[in-house]
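Working notes, beginning with the structure itself.
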Amino acid sequence: MRVVVDLSRCEGYAQCAFLAPDAFRMHGEEALMYDPNPDDARRKQVLRAAAACPVQAILVDQLEGRDVSAEEPPS
């Protein structure tokens, strides 16, 4: 599983840190730290955290599709 947080969008509400503390944690009051490759066993928690983000700053697995298409040869 891949996770990306748009830190320019994140406003530090910390909902993700409460719902998936193994993947997200606050450093101070506003700085979010996160694991970009959390264990798949935490998938449900991470998805709940992404859904709960008030500014939708958390993307889960969406980059994998982009990586695949970026590697395709031009036709």
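The values are calculated or read from the model by the stated rules, or taken from the named source; none is laboratory data. None of these values were measured; they are calculated from a predicted model. Cβ: placed from backbone, ideal geometry, glycine included. Neighbour counts: every protein chain shown. Each accessible area value is taken on the protein alone, full model and side chains, heavy atoms only, with ligands, DNA and RNA left out. Shrake-Rupley method; radii C 1.70, N 1.55, O 1.52, S 1.80 Å.
Please determine, by comparing only the residues of segment 1-41 that are among the aliphatic types (A, V, I, L, M) and part of a strand (DSSP E or B), which one is nearest to ALA57 (Cα to Cα). Quick ask: steps written out before the conclusion?
Going residue by residue through segment 1-41, those that are among the aliphatic types (A, V, I, L, M) are 1, 3-5, 7, 14, 17, 19-20, 23, 26, 31-33, 41.
If we keep only those that are part of a strand (DSSP E or B) as well, we get 3-5, 26, 31-33.
Working: VAL3: 10, VAL4: 8, VAL5: 5, MET26: 15, ALA31: 13, LEU32: 11, MET33: 13 Å.
The residue in question is VAL5.
Among the residues of segment 45-56, write down those that are open to solvent by 40 Å² or more (accessible area, probe 1.4 Å) and either part of a loop (DSSP other than H, G, I, E, B) or under 16 Å from ARG2 (Cβ atoms) (or both).
GLN45, LEU47, PRO54, GLN56 - these are the residues of segment 45-56 that are open to solvent by 40 Å² or more (accessible area, probe 1.4 Å) and either part of a loop (DSSP other than H, G, I, E, B) or under 16 Å from ARG2 (Cβ atoms) (or both).
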